[in-house]
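Chemist: Have a look at this one before I ask anything.
Since every read-out is calculated from the coordinates, none of them should be taken as a lab result. It should be emphasised that the depicted structure is a prediction, and the values quoted were computed from it without experimental measurement. Virtual Cβ from ideal backbone geometry, glycine too; neighbours counted across all protein chains shown.
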Amino acid sequence: MRQFFPVEDLARDDRFVQTNMAERLADKRTDIDVRKSSAKSRGASNRIAPDRRDASAAARSLMHGIMVGEIQALEGAGRTAHDFEAGDGSGDTIPFELKLDMARQAWDEARHVEISAKLSDWMGTEIGEFAENTVLFEAACSNDPVLRLAGVNRALEGLAIDVFTQMKEFGQLAGDPYLEFCEDWMLADEVTHVKMGSDWLRKVTEKDPDRRAKALEFQQIVDKLFSFGGARSESEESPIGLARRFRELAGFTDDEVDTISKMDHDALEERKAALRVAHEAAGV
């Protein structure tokens with residue numbers, strides 16, 4: 001079987017509409033429109049809640065993002081299990097036990113895809129209604145398995161913890177027991193996936209501090225890219241909250257969570273400043 005599969009060759013049928021991070025960040029129109037309408041209709045809080053005027057569209061969009069993200073997480077974990085030879089973890093080898101954990105994660109992600117597809121249908125969403133951002137699989141394409149652990153299991157699966165926590169709360173507030181139960185179930189898996197990444201990253205780089213530092217730097221880059229300008233932070237102005245307690249259970253230290261929180265806050269302030277300039281230029 002082919003190894004090191006590029007993102008351009010991901011198998012998708014004609015229902016899917018793909019975009020990448022560069023295209024997403026280059027298009028500011030959606031951000032401006034969403035933030036502008038949100039500020040007028042809800043006041044200070046921008047969290048997804050049933051009383052939002054755009055609650056249905058926002059929840060369906062997030063659910064679609066979860067579904068395609070689970071597809072890519074399945075592909076990424078499967079590729080990591082297959083791409084690298086079993087060894088002691090040095091170079092381009094990974095311990096055999098790590099292969100087993102990645103295979104277990106692929107099984108979990110397959111279950112998440114099935115659950116998320118059914119939830120999308122339950123919420124009235126069709127595949128392709130929203131674009132599929134391929135950045136998760138892009139983070140799983142590194143030739144260094146340690147960077148994959150940092151970028152996927154810690155950064156992006158960490159974001160999944162935040163998203164599932166938010167969707168679980170939305171289901172609870174909306175009185176939707178199906179959504180609440182399913183998100184809670186998948187959240188437990190995501191905590192396990194992040195904990196696996198945290199444990200293996202530290203174990204594999206135990207005697208190589210430079211490699212660990214490089215991996216953590218890559219994790220911060222992915223975290224910042226996927227915060228979408230502060231869309232995830234501890235501020236009520238962000239649609240998604242930072243699930244601090246679950247991140248701690250997943251192996252993040254207090255300092256690491258504080259770093260992510262500060263990065264998200266800074267990204268939010270940068271985006272707000274950019275939007276103010278755009279609004280002024282547009283005469284809003």
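Chemist: Within the range 90-197, which chymotrypsin sites (Phe, Trp or Tyr not before Pro) sit in a loop by DSSP and count at most 15 neighbouring Cβ atoms inside 10 Å?
Modeler: Numbers: sites: Phe96, Trp107, Trp122, Phe130, Phe137, Phe164, Phe170, Tyr178, Phe181, Trp185; in loops: Phe130.
Qualifying residues, ordered by number: none.
Chemist: Explain nothing, just compute: Karplus ³J(HN,Hα) = 6.51 cos²θ - 1.76 cosθ + 1.60, θ = phi - 60°, for every residue of the range 70-82 in order, whole Hz, x for Gly and Pro.
Modeler: Each residue of the range 70-82 in turn: 5, 4, 5, 5, 4, 5, x, 5, x, 5, 5, 5, 9 Hz.
Chemist: Roughly speaking, what is the centre-to-centre gap between the range 146-191 and the range 204-276 when only Cα atoms are used, to the nearest Å?
Modeler: So the two Cα centres are separated by 16 Å.
Chemist: Need the list of aspartates and glutamates near Lys207 for cross-linking: C-alpha distance under 15 angstrom, and skip anything on the same chain fewer than eight residues off.
Modeler: Within the straight-line limit of under 15 Å, Lys207 reaches these aspartates and glutamates: Asp88, Asp199.
Chemist: Report, by chain and number, residues whose modeled amide H sits under 5 Å from the one on Thr19, excluding near sequence neighbours (fewer than 5 apart, same chain).
Modeler: Amide H neighbours of Thr19: Glu132, Asn133, Thr134.
Chemist: Kindly write out, for the range 241-254 in residue order, the coupling ³J(HN,Hα) from the Karplus curve 6.51 cos²θ - 1.76 cosθ + 1.60 (θ = phi - 60°), rounded to whole Hz, with x marking Gly and Pro.
Modeler: For the range 241-254, the Karplus curve yields x, 8, 7, 4, 5, 5, 5, 5, 5, 8, x, 7, 7, 4 Hz.
Chemist: Treat every Asp and Glu Cβ in the chain as -1 and every Lys and Arg Cβ as +1, leave all other atoms uncharged, and give the resulting dipole magnitude about the Cα centre to the nearest 20 debye.
Modeler: 640
Chemist: Determine ³J(HN,Hα), in whole Hz, for all residues of the range 217-224 in sequence, where each value follows from phi through the Karplus function 6.51 cos²θ - 1.76 cosθ + 1.60 and θ = phi - 60°; x replaces Gly and Pro.
Modeler: Calculated HN-Hα couplings, in order: 5, 4, 4, 5, 5, 5, 4, 5 Hz.
Chemist: Now for a different question. Calculate the FRET efficiency for Lys214 and Thr259 from the Cβ-Cβ distance with a Förster distance of 25 Å, rounded to the nearest 0.05.
Modeler: Working from the Cβ atoms, E equals 0.95.
Chemist: Between Glu269 and Met1, what is the label-to-label distance in nm when each label sits 7 Å out along the Cα-to-Cβ direction?
Modeler: 4.7
Chemist: Given the DSSP H assignment, sum -39500 (n - 2.57) over each helix run of at least 4 residues in the chain and divide by its residue total; what's the result at 222 nm in deg cm²/dmol, nearest 500? Kindly include the intermediate steps, with their values, before the conclusion.
Modeler: On the way: 11 runs with 184 residues, N = 284.
Value at 222 nm, helices only, nearest 500: -21500 deg cm²/dmol.
Chemist: Oh, and also: Working from Cα positions, state the angle (0 to 90°, nearest 10) between the long axis of helix 177-204 and the longest principal axis of the chain.
Modeler: 40
Chemist: In nanometres, what is the gap between the two model label sites at Glu85 and Glu236, each 7 Å from Cα along Cα-to-Cβ?
Modeler: Spacing of the two 7 Å Cα→Cβ label points: 5.8 nm.
Chemist: Quick check: residue separation of Asp92 and Glu248 times 0.36 nm, minus the Cα distance between them. What number comes out in nm?
Modeler: 53.2 nm
Chemist: Along the Cα→Cβ direction, 7 angstrom out, place labels at Leu10 and Ala281. What is the inter-label distance in nm?
Modeler: Roughly 3.0 nm, to one decimal.
Chemist: To continue, here is another question. How much FRET efficiency would the formula 1/(1 + (r/R0)^6) give for Asp144 and Tyr178, where r is the Cβ-Cβ distance and R0 is 41 Å, rounded to 0.05?
Modeler: 0.55
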